[in-house]
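Data block below; observations after.
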Amino acid sequence: MASRIYKWLDSRLNLKPVERTLLDEPIPGGASWIYVFGSVTLFLFLLQAITGMFLALYYAPTPDHAYDSIRFIETEVLFGAFVRGLHHWGASAMVVAIGLHMLQAFLYGAYKPPREAMWMAGVVLFLLVMVFAFTGYLLPWDQTAYWATQIGINMVGTVPVVGDFMMRVMRGGETLGALTLSRFFAIHVLFLPSLLVALIGLHLFILRRVGPAGPWTDARAKLGSETFYPRQVYMDAVVIFGVFVVVAAAALAVPFPLTDKADPSDTTFVPVPEWYFLFYYELLKYVHGPLEPLATWILPALVIGIMLFWPFIDRNPARNPIRRPVALGSGVVFLVVVLSLLGLSIKNLYAVPRADPSVARGKVLYGEFGCAGCHRIHGAGGAMAPDLSFVGDTRPDREWHVKHFKDPQSVSAGSFMPKFPLDDRQLDDLASYMLSLKKAP
Amino acid sequence: MSSDGNPIPDGEAGFSTPVGSRRTFMGWVTSGLASLIGLGLAIPLLGYMISPALKRRVRPWVDVGNIGDIPPGEPKQLDYVTTIQDGYVENRSHKAIWAVKHPDGQIKVFSPMCTHLGCGYRWEAEEKAFKCPCHGSVFDIDGHVLAGPAPRPLDLLPSKIENGRLLLVFKEFKSGTSQVVEL
Ligand code: FES
């Protein structure tokens, strides 16, 4: 059936030559598993585009409704959490795929003449994807989104002379608010996609004009070439399918919960950026004072500039990595720095003692029920009942506390502490607070 | 997507381009995997798009007041505020319904909209009738049409009494039809 329709169309539209250009492009040295990353990136872009369109069915880009609309998607819409998960993990996968794609192009010297323009278009594509990530992060309008974006924009403010102006333009005003959200939304779903599609077109157009680079030794390339279809297409399909399975599994298995709704007045919230911005976040911890602009904009501008113009900086005509020690060495140094910063930041992230919200709630209960009327903590409160300053050390057993709150006399005979009407959650919160009262945190 | 069976152009394809059954196999695997991805996306996305459209609004019982406040034999308008869930938006809306207490203690609750074209009607105490100002429909205390263009009696709302409080489910009905059609 399909082939008959195809024949019918072909006899009118003359499709055979189109098919030949698309599928029979010669690949010097033959198909390879290492050439799949470009196709994987393209697939992930399509996945982002599709899931993004569907998210837009319910999303509302205003501070009043953005958060509620995402919650609606998560809780009320069939497969809503899955679709949002695909979009979230798809973004991460895309950053990884681009990284591997660039690494391959770098290793194979695929940026060398005549492919300089293809590399440069690729770098711009990479930057666009990072802007995608940055603008998309704000859209859920939860605490993380709000405060991470706040920090990102403030960094731009450190650029001399124009910093303030740029910050205002990014926010659409003096503060991060309704106008910021709507412009981030418009940029994320209208401006960037059109730009990205145009640049992907350019990237692929150049590829088809100059052809793929192939192996780095001419001897291997001369062994023969094969067409794009079927083997390379097959390899691409296998890896793409694997990537899809991984992203879908992450979307199903790893919940990506919203934090609380953005609260501009709550400055105690410590946001964590997405992992692909983490290395940079970590870098900022080591540069302070007058050196800060170095990290906030001089270094990034330098790195982007070097990346963009790399084909003109590395003039060594050889493509074989063995004959390019300087280029490869600098590439390795760059990777090691970025990866160790990433590793460090992840390590630090887990080392930060996370404030347990139940402790804070317990503390509030302690105040509400007037416990300080009899008990004393660090010198504050009455002295009729035991001092609780270090009760977490002297009574480290949570069960004991819960039992004790339910019925003080049952575990402590002769106690004159009254029974308080506490529900299970309050019991738990209050016990958490008791256990947190220790000499050493 | 398949160029199976096409003669490979001379010279363009190198000797290592798979041909014959290998070529067919790769073609099948490629289309198979592509279809799996397509299905894996199409099914959830379709459900995602359709599911809220099919959801029926759950109308809760709302408390509109004390039954002691309703004088027997005299219709009384009761106001209340209700939240209406519109997707992710919660709307607070004022509603005013007519409650009639019969001498036997039974309470009937009428939708506040005239069955003709949906205007709000009033109780005229001297004439002992509900009158609609828009096109002059007149209803008796049981909601029956006495005069005017109204095609059916006033619409009853489901109601019940719990602990001396009047509870009801607010509904809206299509106007202008002789049948009662819930919206
Ligand atoms: S709307 Fe009431 S009479 Fe027409």
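Restricting the range A:205-229 to residues that are in contact (Cβ under 8 Å) with a residue 40 or more places away in the chain and in a helix (DSSP H, G or I), the residue that is surrounded by the fewest Cβ atoms within 10 Å (Cβ to Cβ) is A:R208.
Taking first residues from the range B:111-128 that are more than 14 Å from chain A (Cβ to nearest Cβ) and partners that are away from the ligand (no atom under 14 Å from the Cβ) and among the basic types (K, R), the Cβ contacts under 9 Å between residues at least 6 apart in sequence or on separate chains come to B:S111/B:K171; B:P112/B:K95; B:W123/B:K76. Looking across the range B:130-183 at every residue that is within 27 Å of the chain's Cα centre (by Cα) and among the aromatic types (F, W, Y), the one that is nearest to the ligand (Cβ to nearest atom) is identified as B:F173.
For A:F277, the requirement of being assigned to a loop (DSSP other than H, G, I, E, B), among the aromatic types (F, W, Y) and in contact with a helix residue (DSSP H, G or I) (Cβ under 8 Å, 6 or more places away or on another chain) is not met. Of all the residues in the range A:236-255, those that are in a helix (DSSP H, G or I) and either surrounded by fewer than 20 Cβ atoms within 10 Å (Cβ to Cβ) or modelled with pLDDT under 90 (or both) number 10. Being surrounded by fewer than 16 Cβ atoms within 10 Å (Cβ to Cβ), assigned by TED's automatic domain parsing to the domain that holds B:A129 and closer than 30 Å to A:L57 by Cβ is a property that holds for B:G87. Annotation note: Cβ proximity below 6 Å between a residue of the range B:133-154 that is touching a residue at least 40 places away in the same chain (Cβ under 8 Å) and a residue that is in a loop (DSSP other than H, G, I, E, B) and more than 12 Å from the ligand (Cβ to nearest atom) (sequence gap 6+ or interchain) occurs for B:L154/B:G143.
Would you say B:G32 is under 30 Å from A:Q232 (Cβ atoms), at the interface with another protein chain (Cβ under 10 Å from one of its Cβ atoms) and in contact with a Ser or Thr (Cβ under 6 Å, 6 or more places away or on another chain)? No: the conditions fail for B:G32.
The residues in the range A:248-272 that are within 14 Å of chain B (Cβ to nearest Cβ) and in contact with a Gly (Cβ under 9 Å, 6 or more places away or on another chain) can be counted, and the count is 4. Do any residues in the range A:165-184 that are closer than 14 Å to A:H65 by Cα have Cβ atoms under 7 Å from those of residues that are of a type in the set (G, A, S) and in a helix (DSSP H, G or I), where the two are at least six apart or on different chains, and which pairs are they? If the second residue must be of a type in the set (G, A, S) and in a helix (DSSP H, G or I), the pairs left are A:L181/A:A66.
Is it the case that the range A:425-439 has a residue that's outside any helix (DSSP H, G or I) and out of contact with any helix residue (DSSP H, G or I) (no Cβ under 8 Å at 6 or more places or on another chain)? The answer is no, given that none of the residues of the range A:425-439 is outside any helix (DSSP H, G or I) and out of contact with any helix residue (DSSP H, G or I) (no Cβ under 8 Å at 6 or more places or on another chain). Residues in the range B:100-129 that are more than 9 Å from the ligand (Cβ to nearest atom) and under 12 Å from B:L154 (Cβ atoms): 8 in all.
The values are calculated or read from the model by the stated rules, or taken from the named source; none is laboratory data. This is a predicted model, so every value here is computed, not measured. Because the Cβ atoms are built from the backbone with ideal geometry, glycine has one as well, and the counts that use them run over all protein chains shown.
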